[in-house]
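These notes are about the structure you will find just below.
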Amino acid sequence: MNKIPYIADFAKWEEEFSFFHEVSVRFCETDLYGHMNNTVAFVYFESARIEYFKSLGITHWKEESQDLILVTADLQCNYLAQIYFDEKLRIYVKTAKIGNSSADLHYLGKKEDGTVCLTGRGTIVLFSRKTGRPVPWPDEMKKKMVPEAETRSA
């Protein structure tokens, strides 16, 4: 496997994932050659990220009165295997690091046979809708995300 800058030890990195969201590649997500289009991975990452936060009990965006929103600051994907129409994928998500107002999330995509087809990482930032500026993570949100990241770095 090619060296991926944000992964020091692939086997260790891979075993740290627990949450996943399943997706099936739709026909409209394929290109002329029958491959999943390269932009679709980012949609899958977003879908998995939303389900991940729901699993942590972080669903503040559902309430219109809430001031806090999560914004994607950057996102990248490494394509490791071809993906085709109707293949079922598991998109794993984990919190790799949490800062004052940002968090680094990592992604892993696997086919049904266990083949790793995607890896990714991205930074999300907690923003205030009112000010349009980053805000520190509230303690209750941070506690839901931090234990996962801390148990790996210990």
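Only the coordinates and a few stated rules stand behind these numbers; no lab work does. Everything numeric in this text was worked out from a predicted model, so none of it was measured. Neighbour counts are summed over all protein chains in view; Cβ atoms, including those assigned to glycine, are modelled from backbone coordinates with ideal geometry.
Quick notes
- Listed peptides 34-46, 98-110 appear in the order 98-110, 34-46 once ranked by packing, highest mean of other Cβ atoms within 10 Å at the front.
- Residue pairs, from the table K88/K144; K3/K54; K3/K97; K62/K88; K88/K143, whose Cα atoms sit over 25 Å apart: K88/K144; K3/K54; K62/K88; K88/K143
- Here, P(r) means the percent of Cα pairs in each 5 Å bin from 0 to the largest distance; for region 10-153 it is 2, 9, 19, 21, 18, 13, 9, 6, 2, 0.
- Computed E for V116/K143 - FRET, C-beta separation, R0 35 angstrom, nearest 0.05: 0.70
- Principal-axis tilt of helix 139-153 within the chain, Cα atoms, nearest 10 degrees: 50
- Gain on full stretching of the segment that runs from C28 to Y6 - 0.36 nm per residue minus C-alpha separation: 4.8 nm
- Cβ-placed point charges (K, R +1; D, E -1), dipole of region 84-124 about Cα centre in debye, nearest 20: 200
- Between the listed residues H35, I124, S24, the Cα displaced farthest toward the positive end of the dipole of the chain, a dipole computed from Cβ unit charges relative to the Cα centre, is found at I124.
- Computed from label points 7 Å out along Cα-Cβ, the spacing between E16 and Y84 is 3.4 nm.
- Ellipsoid semi-axes in whole angstrom, largest first, where each is sqrt(5λ) of the Cα gyration tensor of region 31-87: 30, 12, 10
- Rounded FRET efficiency, nearest 0.05, which uses the C-beta distance separating V135 from K54 and R0 of 25 Å: 0.75
- Percentage relative contact order, the chain, counting C-alpha pairs under 8 Å, at least six apart: 25
- Centre-to-centre separation between the Cα atoms of region 92-118 and those of region 14-30: 11 Å.
- CD proxy at 222 nm, helix term only [per DSSP H run n ≥ 4: -39500 (n - 2.57); per residue of the chain; nearest 500]: -7500 deg cm²/dmol
- Here's the list of aspartates and glutamates a cross-link from K12 could span, going by alpha-carbon distance under 18 Å and ignoring same-chain residues fewer than 8 apart: D104, E148, E150.
- Rounded, prolate or oblate (a/c below 1.5 giving rounded, otherwise prolate when a/b exceeds b/c) for region 1-72 by Cα gyration tensor: oblate
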